[in-house]
1. Here are the criteria: (1) open to solvent by less than 50 Å² (accessible area, probe 1.4 Å); (2) at pLDDT below 95. Tell me which single one residue 27 does not satisfy.
2. Condition first: at pLDDT 95 or above and either surrounded by fewer than 17 Cβ atoms within 10 Å (Cβ to Cβ) or part of a helix (DSSP H, G or I) (or both). Now tell me which residues in the range 77-106 satisfy that.
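The values are calculated or read from the model by the stated rules, or taken from the named source; none is laboratory data. Source: prediction; values computed, not measured. Here the Cβ is made from the backbone with ideal geometry for all residues, glycine too, and neighbour counts use every protein chain on show. Protein only, heavy atoms only, side chains kept; ligands, DNA and RNA dropped before computing areas. Shrake-Rupley method; radii C 1.70, N 1.55, O 1.52, S 1.80 Å.
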Amino acid sequence: QVQLVESGGGLVQPGGSLRLSCAASGSMFNIQTMGWDRQAPGKQRELVAYITNGGYTNYADAVKGRFTISRDNAKNTVYLQANSLKPEDTAAYYCYAFVVTTNRNYWGQGTQVTVSS
């Protein structure tokens, strides 16, 4: 079993920044991809960004140039640096990890990001 624990969400003013973290723990596993999705009230969950264990990254158009995803493979931790935040970035952010040994995704409980003045 793999557990993912997110941290770093909160309330920030438009134009501000936040850094989200997600640490994976549990029994022996091999994580291939880690990433972040988000879901705003009344909207579908959408991809924010992901990063492979080789360092390849992909971003949603809505966050390109403002968000940066990074990863510490030794710590099984993924980070999301969110800059120039906008009210439309307000959502619950969910971390996920694709584990090769079990061939499935695991999800965190989510962390709330609210961008408001």
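1. Unmet for residue 27, out of (1) open to solvent by less than 50 Å² (accessible area, probe 1.4 Å); (2) at pLDDT below 95: (1).
2. 81, 83, 84, 86, 87, 88, 89
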